[in-house]
1. State whether the residues of the stretch 18-27 include one that is part of a strand (DSSP E or B), of a type in the set (Ser, Thr, Tyr) and exposed (fewer than 15 other Cβ atoms within 10 Å of the Cβ).
2. For a quick check of your reading of the model, give me the residue pairs whose first member lies in the stretch 4-31 and is without any contact (Cβ under 8 Å) to a residue 40 or more places away in the chain and closer than 19 Å to Val45 by Cα, whose second is acidic (Asp, Glu) and assigned to a strand (DSSP E or B), with beta-carbon atoms closer than 6 Å and at least 6 apart or on different chains.
3. Out of Arg67, Arg34, I need the residue that is out of contact with any Gly (no Cβ under 7 Å at 6 or more places or on another chain) and modelled with pLDDT under 75. Which one?
4. So, in the stretch 28-47, exactly how many residues are assigned to a strand (DSSP E or B) and hydrophobic (A, V, I, L, M, F, W, C)?
Amino acid sequence: MSECPFCGWPDDRLVVVLSRHQGGEGETLWSRCRCGSLQARVVGVGGRAEVVARSRPVTSVAGSACRGGIRRTASAGELVRCVQC
């Protein structure tokens, strides 16, 4: 089992699913880790998911309304980790 290199959260325990897209090789799933890292996963025909790309975690700053631990800043509109959650 793999885990997030930034926070150690197990990759098989999804926190937030952002979108799913069907393709010829199976399904592409975009998700966020507990630390805010954006992850691209490929889910094959057998249902096995593999993280194929991941970003660095979002920075922790106070911002606008919290949505499940992730906030969107009012100024830049970027996603950041909520410091209150």
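The values are calculated or read from the model by the stated rules, or taken from the named source; none is laboratory data. Everything numeric here is computed off the predicted structure, so don't read it as measured data. Using ideal geometry, Cβ is built from the backbone for each residue, glycine included, and neighbour counts are taken over all protein chains shown.
1. To start, the set of residues in the stretch 18-27 that are part of a strand (DSSP E or B) comprises 18-23, 26-27.
This time we only want the ones that are of a type in the set (Ser, Thr, Tyr), so: 19.
Next, from what is left, pick out any that are exposed (fewer than 15 other Cβ atoms within 10 Å of the Cβ): 19.
Yes, that holds for at least one residue.
2. Taking only residues 6 or more apart or on different chains, the pairs are Arg20/Glu27.
3. Details: Arg34 fails: modelled with pLDDT under 75.
One residue alone meets the criteria, Arg67.
4. Restricting attention to the stretch 28-47, the residues satisfying the condition of being assigned to a strand (DSSP E or B) are 28-32, 38-43.
Those left that are additionally hydrophobic (A, V, I, L, M, F, W, C): 29-30, 38, 40, 42-43.
Matching residues across the stretch 28-47 total 6.
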